[in-house]
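The values are calculated or read from the model by the stated rules, or taken from the named source; none is laboratory data. These numbers were taken from a predicted model, which means no experiment stands behind them. When we count neighbours, we look across all protein chains shown, and the Cβ atoms used for this are built from the backbone with ideal geometry, even at glycine. Accessible surface areas use protein heavy atoms only, side chains included; no ligands, DNA or RNA. Shrake-Rupley method; radii C 1.70, N 1.55, O 1.52, S 1.80 Å.
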2 protein chains.
Amino acid sequence: MAGDPQRLGLYLSDCRSQVQDEIRALIPADRADTGGLYRLMLDYPLREGKGLRPALAMATCRGLGGPLDAVLRTAATLELFHNAFLVHDDVEDGSELRRHRETLHQLHGVPIAVNVGDGMLALALRPLLENVERVGLGPALNVLDVVTTMARESAEGQALELSWVQENRWDQGDRDYVRMVYKKTAVYSFVTPAVVGALCARAQAQVRAALSRFAVPLGVAFQIADDLLNLAGQEAVIGKESCGDLWEGKHTLILMHALRTAGGPERQRAIALLGQPRADKDAAEVDWLLNLVHRQDSLAYARDVARRYARRAAVSFAGLARWFGDSVHRDFLEDLVDYVVDRTR
Amino acid sequence: MAGDPQRLGLYLSDCRSQVQDEIRALIPADRADTGGLYRLMLDYPLREGKGLRPALAMATCRGLGGPLDAVLRTAATLELFHNAFLVHDDVEDGSELRRHRETLHQLHGVPIAVNVGDGMLALALRPLLENVERVGLGPALNVLDVVTTMARESAEGQALELSWVQENRWDQGDRDYVRMVYKKTAVYSFVTPAVVGALCARAQAQVRAALSRFAVPLGVAFQIADDLLNLAGQEAVIGKESCGDLWEGKHTLILMHALRTAGGPERQRAIALLGQPRADKDAAEVDWLLNLVHRQDSLAYARDVARRYARRAAVSFAGLARWFGDSVHRDFLEDLVDYVVDRTR
């Protein structure tokens, strides 16, 4: 059965409300004399996000026969980690909007935002330690190991992209892009939640490996689709600035394709624009760049690549079938494949 | 026997070279294709620091009879955590110098500095997981728990101070200062290394509690002495800007005392100056503020408070004697009491 977006939406919102309750239990928001630290920690998690990562962990665990109790707190912890990194990413990328509201550093300044992110990271570790009692020692240590690797891969991916930005380098091929996105998105948002969910269900290493083969191409497809949305979506729908990626000079597959296929003078003009600090960029020039992207048919190119990765994920999913019985959890995982490329927000 | 600064210096430099070798082994600095991430992670740890925290962990473990092997990697990990937080703290405080060189964000920009700090935090977790094999499951989980608490207390202390800065509040009493410094310095730099060292030696809870009673007042005395050095020390010796605390408007016991005891008009003038962003501050006004601090005898006041806390630490140390045999490690711990208040850098 092909992906059912409504069914997927219901599953997501169901998980999200459970995860939000759990996050409220993890963060003592009313605690006095901490300079408002915990209140600020709750800001991003309670904004309307998709909650894809915790839902993926929950669906994997439950689809493999694990109980909700074994995974819920850990899923909430992943969401807390994710929001901590979003706070830091927004500082690093100079982003202005996050989920329809101003970013935390815009609201409270960079110092407070950096510290709130650090506090969230610290807070997210303890529930993982408590997993020893919840899922047993082996899986608990394994979860910690997977989350540690995630944090490291994510910092590597971010460093790679920041170095490209700093050097204003635009000569990378699709392979470089995929390598960066593997670290920044696939491991972080797809492989880790799926594997953590499997560990909470005490699944064998073989199942976890098969889940990785499913989650990696899914993550790459998701990121390319995300970049497409940024250029094609409307601000009111996606909750970030439209064309924010062009203003930030973000290294997307789309923009890399446009620069690679454009003629020399246009490429030079684009690179000169992208090398300017955001505040110095001219709106008319950003429009021109968006135009170039359209003329080079880079959106269609990127859409094709995203579909190719989604197909790979679909093939890998078929290999997972024998470990998953029929359930709403399994349906969610299958629906994800179409969702990541077809979503509108 | 009173503290012997030369003996202490030798012990510190001995620990430092062992810890630096260990940190070099932890950070794959030559790893390609990571945007220089690991090379930047090594920057702060290899600058000439005191290495007080790892030395404290090592001395505690070995003084309690634990082998070097049981503690060295964990001590290096504490130093890595510490340097990660320094990178973020420097961003948060807008500091310009760290250990005689420009801060990381001055050299490479805020985005890269925030990410390097995150990467160091991620890298520091794995050796703690490997402690399960090194010191056994119970102590290893306990170390993770203590480090998690440290990260959380430290974020709370930082949040408290940042909220004071943001509101330009100067009506706190010494108790508020001590509460903030307990979180920011005592738990972070003294209690955690000592307790972690004890855990690596598989010491009982009773010993760890006694070590905390020693480490808390030691940490408070250390921070007050640090603030004194900032105002009285010379830049070339302390490796930070002289009077940087006044430029940053840092909430020190000294400055709080000066403002509390000064007359209304002077207090108003000081608060107006402290509320300005660093770049807008006038050098002549900062000089005037330093003068006010001297006129109010706030340095002497703070020195007295620091000595009082150091005496408390000395009394607590006497209570530790029965668990420590005679050793260079025990001597180091005892020497620390005088060192924290008498040091010149």
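All but one of (1) more than 7 Å from every other protein chain (Cβ to nearest Cβ); (2) more than 16 Å from B:Leu46 (Cβ to Cβ) hold for B:Asp118; which doesn't?
If we test B:Asp118 against (1) more than 7 Å from every other protein chain (Cβ to nearest Cβ); (2) more than 16 Å from B:Leu46 (Cβ to Cβ), just (1) comes out false.
List, please: which pairs have Cβ atoms under 9 Å, are six or more places apart or on different chains, and start with a residue in segment A:27-50 that is within 19 Å of A:Leu125 (Cα to Cα) and touching a residue at least 60 places away in the same chain (Cβ under 8 Å) and end with one that is open to solvent by less than 30 Å² (accessible area, probe 1.4 Å) and among the aromatic types (Phe, Trp, Tyr)?
Short answer, once both residue conditions are applied: A:Ile27/A:Tyr38.
What pairs come out if I take residues in segment B:207-220 that are over 15 Å from B:Cys61 (Cβ atoms) and pair them with residues that are among the basic types (Lys, Arg) whose C-beta lies under 7 Å away, six or more apart or interchain?
Here the result reads B:Pro217/B:Arg312, each pair linking segment B:207-220 to a residue that is among the basic types (Lys, Arg).
Out of curiosity, is A:Arg179 closer than 18 Å to A:Glu92 by Cα, at the interface with another protein chain (Cβ under 8 Å from one of its Cβ atoms) and assigned to a helix (DSSP H, G or I)?
No: the conditions fail for A:Arg179.
Among the candidates A:Val178, A:Val220, A:Val195, A:Val207, single out the residue that is closer than 30 Å to A:Arg322 by Cα, open to solvent by less than 10 Å² (accessible area, probe 1.4 Å), modelled with pLDDT of 95 or more and under 16 Å from the mean Cα position of the chain (by Cα).
Among A:Val178, A:Val220, A:Val195, A:Val207, only A:Val220 is closer than 30 Å to A:Arg322 by Cα, open to solvent by less than 10 Å² (accessible area, probe 1.4 Å), modelled with pLDDT of 95 or more and under 16 Å from the mean Cα position of the chain (by Cα).
Looking at the structure I just gave you, is B:Met58 buried (at least 24 other Cβ atoms within 10 Å of the Cβ), more than 14 Å from chain A (Cβ to nearest Cβ) and either acidic (Asp, Glu) or in contact (Cβ under 8 Å) with a residue 24 or more places away in the chain (or both)?
So B:Met58 passes the test.
Consider segment B:86-109. How many of its residues are open to solvent by less than 20 Å² (accessible area, probe 1.4 Å), in a helix (DSSP H, G or I) and either closer than 19 Å to B:Ala122 by Cα or touching a Ser or Thr at 6+ places or on another chain (Cβ under 9 Å) (or both)?
So the count comes out to 6.
Condition first: open to solvent by 30 Å² or more (accessible area, probe 1.4 Å) and either touching a Gly at 6+ places or on another chain (Cβ under 7 Å) or under 20 Å from A:Ala186 (Cα atoms) (or both). Now tell me which residues in segment A:317-326 satisfy that.
Listed by number, the residues that qualify are A:Ala318, A:Gly319.
So is B:Leu123 open to solvent by less than 20 Å² (accessible area, probe 1.4 Å), touching a Lys or Arg at 6+ places or on another chain (Cβ under 8 Å) and either in a helix (DSSP H, G or I) or farther than 29 Å from A:Asp33 by Cβ (or both) or not?
Answer is yes for this residue.
Does B:Ala262 qualify as being at pLDDT 95 or above, open to solvent by less than 40 Å² (accessible area, probe 1.4 Å) and of a type outside the set (Val, Ile, Thr)?
Answer is no for this residue.
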